[in-house]
Amino acid sequence: MNKNIGIYLFIFIAVLIAIGGATSAFNIYIDWLFFGETGYADVFKTILSTKILSGLFFGSVFLIFYLINIYYANRISFPLRNLHLFGDTINPVRTFTFDKPIKLISIIGGIFVAFLVGSFGASQWEEILLYLNRINVGMKDPVFDKDISFYMFSLPLVNTLKGLAALTVFFTAVVTMTGYFLRGGIAVSEKNIAFAPQVKKHIGALAIFIFGILALNFYIEAYSLLFSEHGFIYGAGYTDINARLFTLRLLVILTAVTGIAFITALNKGSFKWVIIPAAISALVYVGGMVVYAPMLQKFKVAPNELELEKPYIESNIKFTRFGYDLNRIESKPFDVSYDLTADDIEANNATIKNIRLWDNNPLLRTYSQLQQIRTYYKFTDVDNDRYTIDGEYQQVMLSPRELSYNDLPSKSWINERLVFTHGHGLAMGPVSRITKEGLPEFIIKDIPPASETDIKVTRPEIYFGEIPNDYVLVKTKVQEFSYPTANDNVYTKYEGTGGVSLSSIVSKAVFSVKYNTSKLFLSSDITSDSKILFYRNINERISKIAPFIMVDSDPYMVVSDDGRLYWMIDCYTVSGNMPYSSPLNRNINYIRNSVKTVIDAYNGSVKFYISDPEDVLVKAYSNAFPSLFKPMTEMPEDLKKHIRYPQGMLEIQAKMFASYHMTDPKVFYNKEDLWEIPSYSDQPMTPYNTIMRLPSEKKEEYILLLPFTPSKRDNLAAWLAARCDMPNYGKLIAYVFPRDRLIYGPSQINARIDQDAYISQQITLWGQVGSQVIRGSLLVIPIENSLLYVQPLYLSAADEVGLPELRRVIVAYENEVIMEENLELALQRLFSTRDKAPALKTESIKPSQVAPENLAKEAMKVFNRAIELQKEGDWAGYGEQIKHLEQIIKQMAE
């Protein structure tokens, strides 16, 4: 019976291991095909070999140590275990022996646990590769004088190995002691615990390892003090260095002494030898960590906090600025003046024309209504970029038209996998131009993509995107749907290089199992030329190839000069092991946007370009994977023109810079100049792109901008600009406003808009009778040494299918707030009383652009607007409308 239990247990564990091994081999084969397709077989080999070697190392260390101890324990027999002492008489006791099943179970169980430990070890491949390819940072911590590379590359692996050692020794000790107890090697009575002589020796040997690990733990824990939190600073403070660090060092020695005392007590048969050093160790821990450290903090540090914590505050500032790359931010004064003239507006015409009037959400709804074409197409996001269109540098909004498999009219395996295989083209338009109906103008629209500019889409198919299904089959006997026409459908055949061949029975069988379908194996539509495209989601595709980099959540599409579509994705190298650097979350206190990834939407090819060659992590990864990354100089020029500073990165840096722009410890401690990201309408502002000429610069450029306000105040304190165009890409400038003057912040401007009688009345009227007024983002636009505030207003039906129309633009400058039909009219009204009206070169609607049958409606519209301006006392605006009306009437008379 005992033997059968062991056999059944062995078979059960063997089956589990076999299933796990088969599954792993299956997934490894599929990954091998994928990495071969994408051209990164070397990356796959490096990761796989590291996993295998680290798994073998972890599993072998555990198993060897465990089996040596189990072998020794199982060799010992206890002939006196059936004798029991009753008074002064030794009497035999009849018991049932468990020797064989205990021995068998302990061996089989150890092998199973070794397999689990090996699996865990394989998952630590990244730590091992970083350690093997570590480089010096050239910056040392202020406490232990170690290069930062020790904490980023070595300490994580040391902690992992410490965990392996602890698991191995403690698990082995528990199993062997349990076995000894069940087999009679350890006897427990009311007065004492008796150990067989061989058991004493074994316990003594294990005790050496156990107390050694405890001492090592206290030694390593000292480094964790550099990652401790103390409210206003992060990292070791005065109390940590002068109380906790000393206590931990003392505990290292006391733990070793306690271990020696334990072994002595075990041999002498009296545990009084271990009580004294154990009690001293416990007393030191409680006294140092629980009692002395808080008392030192309360009675010495707290009353003199700034003086005593000053060097540690300096370290926190220094390392946090390094961790988030805040040292690259250049601070400049921005002395605001309100002397902007019409000539200044005209001189900054490129900035004015590129003020974004279309917000992402309203524009996404509008694109979905106007350009989705069919229900099975979907726009998931609207992105912002810039192009040189017909010789003019313009900011645009664009959205790819992807295929939504959830919305297919007829769902079947053939439709989902062979027919509907890709999205088609994109919609693109300028950020500020509108039609007379309040809808966006288009640069690229319709299916197939149509454009009247020099931007043409020649390869519109999107096989790889943000919302594809898990796989499709191409080059089959079934024609692929390309796009619909007025009377028919157009079909196509995949001509790209992407995908894995299905020419063999093995590949068909493997993918049939992976996707749990026999159709893939049995379908007669699949030929020897057929391919399977899988891992089609672009974020998943990147993470599969380079799982050690963090992928940005906002990929955007780029149209190359030859008309192909590419995805541009920002990627980050991150770490949570930067000492003294305040954490963004539990896992990140160091981040760099060090990689730009480009994916061909048609072929699925993936290219990684290093955008921050100074990043220590990307250097280490480059050493580990020499064929993975390319220098930025190798990126095609037509794609390089579209790299942009990531919004997510600037948000993180702005959040940290709000506090860590204060580099003086006293100012930082007192929070004298603390900033925050402004909010209005209970929503925090997010970074936004614009084209503008920075102060002291001669040329407009594409930048990412975010303002700051003083903490718990509404006025502006500064604005942060990230430059996106080459050769200045990545340069950050903080323009700081004078602290002795009021510069209106977004919430103050928002309040002034709400308080304007005419504007609030109009918004209230529009919001009635089934309509919805959508207030767009309030943008702060620096022009010369002044600030313009611009907010669009959209009008939409209250239901979900309402089409947002841009109906008004609100512009604020100094103490004036103006609302007009478009930005041009608002600026004309705003500056007509200050100077001559600016002759803006914007794309306004001329009478000749109005269809003849709509001229009467347009004339009435202009007339009503003129009456409104007359009532407001805006005679300049009134005159402009009358001139416009005259032109319409002349056209009607022709």
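The values are calculated or read from the model by the stated rules, or taken from the named source; none is laboratory data. If you're wondering where the values come from, they're calculated on a predicted model, not measured in any experiment. Every residue, glycine as well, gets a Cβ built from its backbone with ideal geometry; the counts of neighbours run over all protein chains shown. The accessibility values were calculated without ligands, DNA or RNA, using every heavy atom of the protein model including side chains. Shrake-Rupley method; radii C 1.70, N 1.55, O 1.52, S 1.80 Å.
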Classify the range 710-777: rounded, prolate or oblate, from the alpha-carbon gyration tensor (a ≥ b ≥ c, eigenvalue square roots; a/c under 1.5 rounded; otherwise prolate if a/b is larger than b/c)? oblate
K531: which aspartates and glutamates have alpha carbons under 18 Å from its alpha carbon, excluding same-chain residues fewer than 8 sequence positions away? D31, E37, E416, E461, D470, E480, E495, D600
Mean Cβ-within-10 Å packing, highest first, puts peptides 45-53, 482-490 in the order 45-53, 482-490
Between the alpha carbon centres of the range 234-296 and the range 442-462 the gap in Å comes to 73
Share of carbon and sulfur in the accessible heavy-atom surface of the chain [1.4 Å probe, %]: 57
Diffusion coefficient in µm²/s returned for the range 547-621 by Stokes-Einstein, Kirkwood Rh over C-alpha pairs, 25 °C and 0.890 mPa s, is 180
Theoretical FRET efficiency, 1/(1+(r/R0)^6), r = Cβ-Cβ of K298 and I253, R0 22 Å, to 0.05: 0.20
Return the FRET efficiency for the residue pair R374, E637: r is the Cβ-Cβ distance, R0 is 41 Å, and the value is rounded to the nearest 0.05. 0.70
Distant-in-sequence amide H partners of V490 (H built 1.01 Å from N, under 5 Å): S482, Y483, T485
Looking at the square roots a ≥ b ≥ c of the eigenvalues of the Cα gyration tensor of the range 299-368, which shape do they give, rounded for a/c under 1.5, prolate if a/b is larger than b/c, or oblate? prolate
Hey, how much of the P(r) for the range 235-353 falls beyond 21 Å, as a percent of Cα pairs? 66
Can you give the log10 of the normalised intensity I(q)/I(0) at q = 0.19, 0.21 Å⁻¹, computed with Debye over equal Cα scatterers of the range 433-549? -1.13, -1.24
For I68 and N785 in one chain, what is 0.36 nm times their gap in residues minus the Cα-Cα distance, to one decimal in nm? 250.3 nm
With every protein chain kept in place and a 1.4 Å probe, the chain has an accessible area per residue in Å² of 46
Considering the convex hull of the alpha carbon atoms of the range 556-711, report its projected area averaged over all viewing directions, in nm², one decimal. 13.1
For the range 211-300, alpha-carbon Rg relative to the globular expectation (2.2 N^0.38 Å, N residues): 1.26
Compute the distance from the alpha-carbon center of the range 300-377 to that of the range 182-215, in whole Å. 64
Lys and Arg at +1, Asp and Glu at -1: neighbours of L370 with Cβ under 14 Å from its Cβ sum to +1
Hey, with R₀ at 30 Å, roughly what FRET efficiency would Q683 and E392 work out to, going by the Cβ-Cβ distance, to 0.05? 0.35
Within a Cβ distance under 14 Å of N69, other residues only, what is the Lys/Arg minus Asp/Glu net charge? +3
Full-extension gain in nm, L56 to Q891, via 0.36 nm per residue minus C-alpha separation: 292.0 nm
Principal axis dimensions, the range 313-436 - Cα atoms, whole angstrom, descending: 63, 50, 26
Cα-Cα pairs in the range 132-205 separated by more than 20 Å, as a whole percent of all pairs, come to 56
For T178 and M289, calculate 0.36 nm times their separation in residues minus their Cα-Cα distance, and state this gained length in nm to one decimal. 36.6 nm
How many nm is it between the label spots at S512 and D554, if each spot is 7 Å from the Cα in line with the beta carbon? 4.6
Counting pairs of alpha carbon atoms under 8 Å apart in space and at least six apart in sequence, what relative contact order in percent does the chain give? 10
With +1 assigned to the C-beta of every Lys and Arg and -1 to the C-beta of every Asp and Glu, and no other charges, what is the dipole magnitude of the range 333-457 about the Cα centre in debye, to the nearest 20? 900
Tilt, helix 855-872 to longest principal axis of the chain (alpha-carbon atoms), in degrees rounded to tens, equals 80
Intensity falloff of the range 392-490 expressed as log10 I(q)/I(0), Debye formula with alpha-carbon point scatterers, at q = 0.16 Å⁻¹: -0.78
Which Rg and Dmax, in Å, describe the Cα atoms of the range 105-150? 17.7, 52
With +1 at each Lys and Arg Cβ and -1 at each Asp and Glu Cβ, the charge dipole magnitude of the range 107-200 around its Cα centre, to the nearest 20 debye, comes out at 360
When the dipole is taken about the Cα centre of the range 598-640, and only Lys, Arg (+1) and Asp, Glu (-1) are charged at their Cβ, what size is it in debye, to the nearest 20? 160
Note down the nm distance, to one decimal, between modelled labels 7 Å out along Cα→Cβ at K630 and at D454. 2.5
Two-decimal ratio, the range 661-771, of alpha-carbon radius of gyration to 2.2 N^0.38 Å: 1.35
Which residue, G287, V606, F442, has the largest displacement toward the positive end of the dipole of the chain when charges sit on each Cβ (Lys, Arg +1; Asp, Glu -1)? G287
Rounded, prolate or oblate: which one fits the range 142-182, using the alpha carbon gyration tensor with axes a ≥ b ≥ c (rounded when a/c is under 1.5, else prolate when a/b beats b/c, else oblate)? prolate
Relative packing of peptides 738-744, 217-223 - highest average C-beta neighbours within 10 Å first: 217-223, 738-744
If a paramagnetic tag sat 7 Å from the Cα of N585 along the Cα-Cβ line, which residues of the range 629-650 would have the backbone N under 15 Å from that point? 648-649
Options I749, I781, I763, ranked by Cα towards positive dipole end of the range 731-785, top entry (Cβ charges): I781
Need one number: the % of Cα-Cα pairs in the chain sitting beyond the 43 Å mark. 51
